[in-house]
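First comes the structure, then the notes that go with it.
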Number of protein chains: 2
Amino acid sequence: MRILVIGAGKSTAVLIDYLLAQAAQRRWQVQVVDRELELARSRVGDHACGTAGSLDVDDAGERDRLIDDANLVVSMLPAHMHGPVAESCVDSGVHFVSASYVSGDVSDLDQAARQAGITILKEAGVDPGIDHMSAMEKLDGLRERGAKIRAFETFTGGLVAPEFDDNPWRYKFTWNPRNVVLAGQGGVKFKHHGRFKYIPYHRLFKRYERLQIPEVGEFEAYPNRDSLKYRHSYNLRGIDTIYRGTLRRPGFCDAWDCLVQLGLTDDSESVERIGEMTYRDLVNSFLWYDPAMSVELKVRAYLKLDLNSAEFDKLEWLGLFEPIPVGLSRGTPAQALQRRLEAKWSLQPEDRDMIAMLHKIEYELDGRAYREESSMVTLGSDSVRTAMAKTVGLTAGIAAKLILTGGIEARGVQIPTSRDVYAPILAELREFDIRFDDRVEEIE
Amino acid sequence: MRILVIGAGKSTAVLIDYLLAQAAQRRWQVQVVDRELELARSRVGDHACGTAGSLDVDDAGERDRLIDDANLVVSMLPAHMHGPVAESCVDSGVHFVSASYVSGDVSDLDQAARQAGITILKEAGVDPGIDHMSAMEKLDGLRERGAKIRAFETFTGGLVAPEFDDNPWRYKFTWNPRNVVLAGQGGVKFKHHGRFKYIPYHRLFKRYERLQIPEVGEFEAYPNRDSLKYRHSYNLRGIDTIYRGTLRRPGFCDAWDCLVQLGLTDDSESVERIGEMTYRDLVNSFLWYDPAMSVELKVRAYLKLDLNSAEFDKLEWLGLFEPIPVGLSRGTPAQALQRRLEAKWSLQPEDRDMIAMLHKIEYELDGRAYREESSMVTLGSDSVRTAMAKTVGLTAGIAAKLILTGGIEARGVQIPTSRDVYAPILAELREFDIRFDDRVEEIE
């Protein structure tokens, strides 16, 4: 068997190590290709079952040749590049696994993939991925016991591990910074107690809820863009409450709301002459003109922040009031903000990250009502074997192995929501200590 | 001479009367066409110089035939329909006048129009139109006297006349309701004291300023979408302050901000099952679930409104807390809100409207600094000869006459910002009592 891994960037180390270890046991071959040959080489090292190569994924001829040689492709490319790769896989009868969301062009391949007898498994990462699998395992188990699901809420956060949680925001970037800056734009929708609920973007970070996860403590969560679509994939049509949220540490949302209120997260409009501006100027461009008031005073007055406000301290800590040049020749407020955040929120080489996930389910069983909480916490081991790399890489790697060994037999375009897909993956993830702890209490 | 008026809807009565009167003096003919023949007929009556016809403007053959017969076309169609009409005018060597904004497809016709020896005059209404002309007359006059312009601010409002200003919002629709509901979405930009300023949409209605116009009293103004582009058309490049705003009566902006904060002005997302909802349900869909709190209590708490809040009273007066069905089978919050506002803010047959315009200019002259305010107020005479119909219709009508009689000689695509265009139009508008009053004071 030959596995082709396309993309050797961030978060692929654990995936490639896992596949190489499997290859050593099973006499398989793993080929790792990337636009940068050196990166691919560094991931493979001198492993006997691995080879490294370079690939420009836009070179259709070379891409198709490599795919044609393989039995299965794991793509770690950015999401928008998956369409042509998945298509080549169908043409060559090669299985395909990736951690990113199903897009329209990929879901159109379902029929063709079934006819070719291959599996296209998408959303085989952590979020999406482990969230789907753990939720479905819990929901299917309850339904099998005869329970009626009343409410389903689920929360995930990519954060910094407690020991390294050392800045006032209690947050560092462990995943795509741009997605963090733009989170929730366009507003959100979900369902609570039988009612559809909407929150416009500018109110989102005022509507967080407080949560606790044993061992790791307090969190707050703001709602994700669209929780309603999960009614279908989780077979929860008609459910009274469905809500998906993002976890942050306490204090984050109130401070982030200040950035939203000022206008610093806006990505729709370029700022005039941003090349000549400092962050202090940029903040001031959202405030009225008053030569007798400092930028700091205007911010306090505009956002009604008290003298000893923790939110104001967080803004100050970011350096937003300092005469630091924005350093972009053109850009939106959101792009400028992202630059400043990257300077302050980057994981340091010694830092470790953390992925936390929490499901809250309310159900009725035998005339009684229960609330079950199920949570997972995974810590990074170092700056390469991060929690993100582990949870994404092991999920995709295990899925790839199971497809090749017959442990997953479903064909066509799949996401890991059916039991024959999620059960064997979750079982093996537990061996790597990626597991959920459950707590049930009777309510009412 | 033959003038073709396309479109006989709202706000065309004064235009058509003016053109018919000119035609009677000059032995011209005016043809008025509309999709609805009856509407065109009612505008023309039995005037000896007028004929009425029906035209489906998408019928290119008939449209071109009518245009080809004319010497000048006045189009009162919606803005997006002007492209093909203006093109036919160029092909047939026929002048073209309209009150709406220049669009890309029309400005591309400039060269061809010059070659054909015709004038395409756009933005010949009130806003845009009278605002351009009165501003340029003032600015050109000051510059001619050697003044250096430091600041230019301009404000326009279409409102209800003081005598009929009888609802708590002190506002009724006198123009396109959808534009009122969506005003400012995407945020605004302007320049104040040498600094570019931005306000995100969700802060816009908190950043109004207070103004006064002699005789008609107090107003508040919120900034328009993009004030910066007028630096070019008004020859104000390098000016320290440029700001365009919309006038409302005091109290409007704080109450409108409540609708924005709730999310009711959102036009991006359809509401699930809106067909089954009342306005009370719709408001509740933006609030958290709490069976112990009424919708009214939640709104007060969410928006931090006092017990005797004037804003709350305005929301209540709109009927937003009542079990009135929304009555749309699908739609966005903004579309639902518009329906409710149309039910409450419609001009009644006995109501009269008002257009108010105010320019504030600061300049230096002979070593001294001055502030000049220049304002115009026009009242409607009845529900047909509204202030809107007068200001738009007379401007477009006078412009049409001047083009045909040689009073305006500029050719190509024009907006009324050059003296040879605006001076004769403003002079004749004064005869109709559409005039500005000026007040100058020395400052500093």
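The values are calculated or read from the model by the stated rules, or taken from the named source; none is laboratory data. Bear in mind the structure is a predicted one, so any value in this text is a computation, not a measurement. Reconstructed Cβ throughout: ideal geometry from the backbone, glycine too, with neighbour counts over all protein chains shown. Areas reflect the complete protein model, heavy atoms only, side chains present, ligands, DNA and RNA absent. Shrake-Rupley method; radii C 1.70, N 1.55, O 1.52, S 1.80 Å.
Between copies, the label points at B:Arg339 (set 7 angstrom from Cα along Cα-to-Cβ) are spaced 4.7 nm, reported in nanometres from shortest to longest.
Dividing the mean sequence gap of close Cα pairs (under 8 Å, 6+ apart) by how many residues region B:2-122 holds gives a relative contact order of 23 percent.
Length, then width, then depth: along the principal axes, the Cα atoms of region B:1-131 run 40, 34, 29 Å.
With the helix formula -39500 (n - 2.57) applied to DSSP H stretches of n ≥ 4, chain A reaches a computed 222 nm mean residue ellipticity of -10500 deg cm²/dmol.
In the protein assembly as shown, the alpha-carbon atoms span a convex hull of 207 Å³ per residue.
A dipole drawn for region A:331-444 from +1 and -1 charges on Cβ atoms has a positive end, and of A:Ser374, A:Gln348, A:Ala427 the residue lying farthest that way is A:Gln348.
Under 18 Å from the 7 Å Cα→Cβ point of B:Arg143, by amide nitrogen: which residues of region B:209-233? Answer for this model: B:228-233. Looking only at B:Tyr289, B:Tyr243, B:Tyr198, which one moves most when chain B is put into a Gaussian network model with springs between Cα atoms under 10 Å? Largest GNM mean-square fluctuation: B:Tyr289.
Where both partners of a DSSP beta bridge lie in chain B, what percent of those bridges are antiparallel, to the nearest 5?
Approximately 60 percent, going by the DSSP bridge assignments.
Once you list every other residue whose beta carbon is under 14 Å from the beta carbon of B:Cys49, what net charge do they have if Lys and Arg are +1 and Asp and Glu are -1?
Computed value for this residue: +3.
Tell me the total accessible area that A and B bury against each other, 1.4 angstrom probe, in square angstrom rounded to 100. So the total buried area for this chain pair works out to about 3200 Å². To the nearest ten degrees, helix A:82-92 and the longest principal axis of the Cα atoms of chain A are 0 degrees apart. Placing +1 on the Cβ of every Lys and Arg and -1 on the Cβ of every Asp and Glu, with nothing else charged, gives chain B a dipole about its Cα centre of roughly 800 debye.
If the limit is 18 Å between Cα atoms, which of A:Lys148/A:Lys229; B:Lys189/B:Lys229; A:Lys189/B:Lys314; B:Lys172/B:Lys314 go over it? Over 18 Å apart, Cα to Cα: A:Lys148/A:Lys229; A:Lys189/B:Lys314. Among residues of chain B, the one whose Cβ lies closest to the rotation axis carrying chain B onto chain A, together with that distance rounded to whole Å, is B:His202, 2. Ranked from shortest, the separations from the 7 Å Cα-to-Cβ label point of A:Ser268 to its equivalents in the other copies are 0.7 nm. In percent, rounded to a whole number, the relative contact order of region A:207-346 is 24, using alpha-carbon pairs under 8 Å and six or more apart. Shape analysis of region A:1-75 places it in the oblate category; the axes a ≥ b ≥ c from the Cα gyration tensor give an a/c of at least 1.5, with a/b not above b/c.
When the Cα centres of region B:335-371 and region A:373-389 are compared, how far apart do they sit, in Å? Centre-to-centre distance over Cα atoms comes out at 58 Å.
Cα gyration tensor of chain B, axes a ≥ b ≥ c as square roots of the eigenvalues: rounded (a/c below 1.5), prolate (a/b > b/c) or oblate?
Because a/c hits 1.5 or more and a/b fails to exceed b/c, chain B counts as oblate.
Taking chain A as a Gaussian network of alpha-carbon nodes connected by springs under 10 Å, the highest mean-square fluctuation of the residues A:Ala86, A:Ala124, A:Ala48 belongs to A:Ala48.
Accessible area per residue for the protein assembly as shown, computed on protein heavy atoms with a 1.4 Å probe, is 40 Å².
The B:Ala423 and A:Ser42 beta-carbon pair, evaluated with R₀ = 51 Å, returns a calculated FRET efficiency of approximately 0.10.
In region A:196-239, the residues that give up 40 Å² or more of accessible area when the other protein chains are added, compared with the chain on its own (1.4 Å probe), are A:Phe196, A:Lys197, A:Tyr198, A:Pro200, A:His202, A:Arg203, A:Arg207. A loss of 30 Å² or more of accessible area (1.4 Å probe, protein heavy atoms, ligands and nucleic acids excluded) relative to the isolated chain is seen in these residues of region B:242-276: B:Gln261, B:Glu269, B:Glu272, B:Arg273. Would you work out which of B:Ile239, B:Phe219, B:Leu259 lies farthest towards the positive end of the dipole of region B:211-261, given +1 charges on the beta-carbon of Lys and Arg and -1 on that of Asp and Glu, about the Cα centre? Positive-end residue among those listed: B:Ile239. Excluding same-chain neighbours fewer than eight residues apart, the aspartates and glutamates reachable from B:Lys10 by a Cα-Cα span under 17 Å are B:Asp34, B:Glu36, B:Glu38, B:Asp127, B:Glu342, B:Glu350, B:Asp351, B:Asp353, B:Asp382.
Taking a Cβ cut-off of under 13 Å around B:Ala113, the surrounding Lys, Arg, Asp and Glu residues balance to a net charge of -2, with basic ones at +1 and acidic ones at -1. Using alpha carbon centroids, what distance separates region B:196-211 and region A:265-297, in Å? Using only Cα atoms to place each centre, the spacing works out to 14 Å. Only protein atoms count toward the accessible area here, which uses a 1.4 Å probe; on region B:2-122, the carbon and sulfur part of that area reaches 45 percent. Positive-end ranking of A:Leu15, A:Ala70, A:Ser54 along the dipole of region A:2-122, with charges on Cβ about the Cα centre, is headed by A:Leu15.
Ranked by accessible surface with a 1.4 Å probe, highest first, in what order do A:His359, A:His47, A:His95 come?
A:His47, A:His95, A:His359
For the pair A:Glu322 and A:Glu215, how long in nm is the line joining their label points, each one 7 Å along Cα→Cβ? For the pair A:Glu322/A:Glu215, the computed spacing is 3.7 nm. Label point 7 Å out from A:Arg430 along Cα-to-Cβ: which residues of region A:116-144 have amide N under 13 Å? Correct set: A:134, A:137-138.
Taking R0 as 35 Å, what's the FRET efficiency between A:His232 and A:Asp91 from their Cβ-Cβ distance, rounded to 0.05? Don't jump to the answer; show the numbers that get you there.
Working: r = 30 Å, r/R0 = 0.85.
Efficiency, from the Cβ-Cβ distance: 0.75.
Beta-bridge orientation, the protein assembly as shown: approximately 60 percent antiparallel, per DSSP, counting only bridges with both partners inside.
Under the criterion of Cα pairs below 8 Å and six or more residues apart, the relative contact order for chain B equals 20 percent.
Take the Cβ-Cβ distance between B:Ser270 and B:Arg439 as r, set R0 to 51 Å, and report the resulting FRET efficiency rounded to the nearest 0.05. Taking R0 as 51 Å, the efficiency between B:Ser270 and B:Arg439 is 0.55.
Protein-only accessible surface at a 1.4 angstrom probe places the residues B:Lys191, B:Lys206 in the order B:Lys206, B:Lys191, largest first.
Annotation: B:Asp433 carries an accessible surface of approximately 100 Å², with a 1.4 Å probe and no ligand, DNA or RNA atoms counted.
Charge dipole (Cα centre; +1 on Lys/Arg Cβ, -1 on Asp/Glu Cβ; no other charges) of the protein assembly as shown amounts to roughly 120 debye. Computed over the alpha-carbon pairs of region B:358-444, the distance histogram in 5 Å steps reads 3, 12, 18, 18, 15, 14, 11, 7, 3, 0 percent, short to long. Magnitude of the charge dipole for region A:2-122, about its Cα centre and with charges confined to Cβ atoms of Lys, Arg (+1) and Asp, Glu (-1), is about 560 debye.
Which residue fluctuates most in the GNM of chain B (Cα springs below 10 Å): B:Gly117, B:Gly158, B:Gly275? In the Gaussian network model the winner is B:Gly275.
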